[in-house]
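Report on the following structure.
Just so you know, all these numbers are worked out from the coordinates, no wet-lab data involved. Not measured: the values here are computed from a predicted model. So basically every Cβ, Gly included, is an ideal-geometry build from the backbone, and we count neighbours across all protein chains shown.
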Amino acid sequence: MTAKAGFKIAVFVAAVAVCHVSSAMAFTPPPESAIPKGPLGDSVRRGEAIFTATHKYAGPFVGNNLNCSNCHLDRGRKAGSIPMWGAWPLYPQFRTKNGKVNTMALRIQECFQYSMNGKRPPADSDVVTDLQSYFAWLATGAPTGMTLEGSSYPMLPASNISPDPQRGAQLFAKNCAACHGADGQGNEAAAIPPLWGPQSYNKGAGMHEVEKAARFIRANMPQGQEGTLTPDQARDIAAYIDDRPRPADPRTLAKK
């Protein structure tokens with residue numbers, strides 16, 4: 001083979017690879033009408049119900065007024081809010097939070113422990129099984145092990161301005177209080193979650209990290225006006241929310 005021919009083949013292979021990656025990165029979850037009939041479909045529907053009304057359908061394991069869909073928006077479908085169709089193909093994976101390889105079942109258990117400020121449902125419980133059925137169905141056709149477009153909160157550009165809770169308080173009053181209330185307690189009847197206090201997530205939850213919360217806020221809030229806050233404004237609001245009282249990290253309590 002000549003060098004020229006080898007170069008052409010290399011360019012062709014690279015072009016095919018780029019096209020493959022580009023097409024694989026985009027994903028749309030199936031419509032509700034595609035949920036199968038039979039026992040598996042029943043499990044998918046129960047999983048969706050648990051996901052959208054968690055403290056109603058998984059009450060024994062929930063310690064607050066939150067639902068999974070408060071953070072994973074549009075029933076776990078919305079790109080940019082860690083949709084479950086983007087999470088499912090990436091497990092099992094190693095997580096630094098607990099220092100070991102996590103199955104999706106363990107990931108679900110820890111969400112109950114931290115975000116729901118509750119207790120872990122057994123890995124073989126109907127709650128965990130039905131949630132996994134729902135996630136797997138949402139990811140129907142998604143490539144295993146690939147990070148899909150919109151599968152996480154979008155990264156924010158670096159800033160030389162430190163997040164400020166005092167600025168955040170003013171921004172919260174202007175941009176968030178209309179829905180979440182000046183006291184941050186939301187509106188349960190309207191499925192608007194409390195952002196702090198005993199009915200919100202505890203200090204072990206991922207949303208208690210300022211940068212992670214800022215990424216969520218910037219991409220998804222205020223609803224209907226997504227992206228109108230600047231990255232620094234989102235960080236200030238996140239710092240304000242992070243600074244408010246909430247339940248302790250259960251890992252801290254376990255050490256006492």
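Below are the figures for this structure:
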quantity: Hits in segment 110-160 - residues which are closer than 12 Å to MET84 by Cβ and over 18 Å from the mean Cα position of the chain (by Cα); calculated: THR140
quantity: Some residue of segment 132-150 being of a type outside the set (Ser, Thr, Tyr), closer than 17 Å to LEU229 by Cα and not in a helix (DSSP H, G or I); calculated: no
quantity: Residue list for segment 45-91, restricted to those being on the phi < 0 side of the Ramachandran plot, among the charged types (D, E, K, R) and outside any loop (DSSP other than H, G, I, E, B); calculated: ARG45, ARG46, GLU48, LYS56
quantity: Evaluation of ASN70 against (1) out of contact with any strand residue (DSSP E or B) (no Cβ under 9 Å at 6 or more places or on another chain); (2) touching a residue at least 24 places away in the same chain (Cβ under 8 Å); (3) crowded, with 18+ Cβ neighbours inside 10 Å (one fails), failing number; calculated: (1)
quantity: Top-ranked residue of segment 50-86 - restricted to ones that are in contact with a Lys or Arg (Cβ under 8 Å, 6 or more places away or on another chain) and small (Gly, Ala, Ser), ranked as farthest from ARG246 (Cα to Cα); calculated: SER69
quantity: Helices (runs of 4 or more DSSP H) (entirely within segment 152-256) containing at least 1 residues that are within 28 Å of PHE112 (Cβ to Cβ) and among the aliphatic types (A, V, I, L, M); calculated: 210-220, 231-243, 250-255
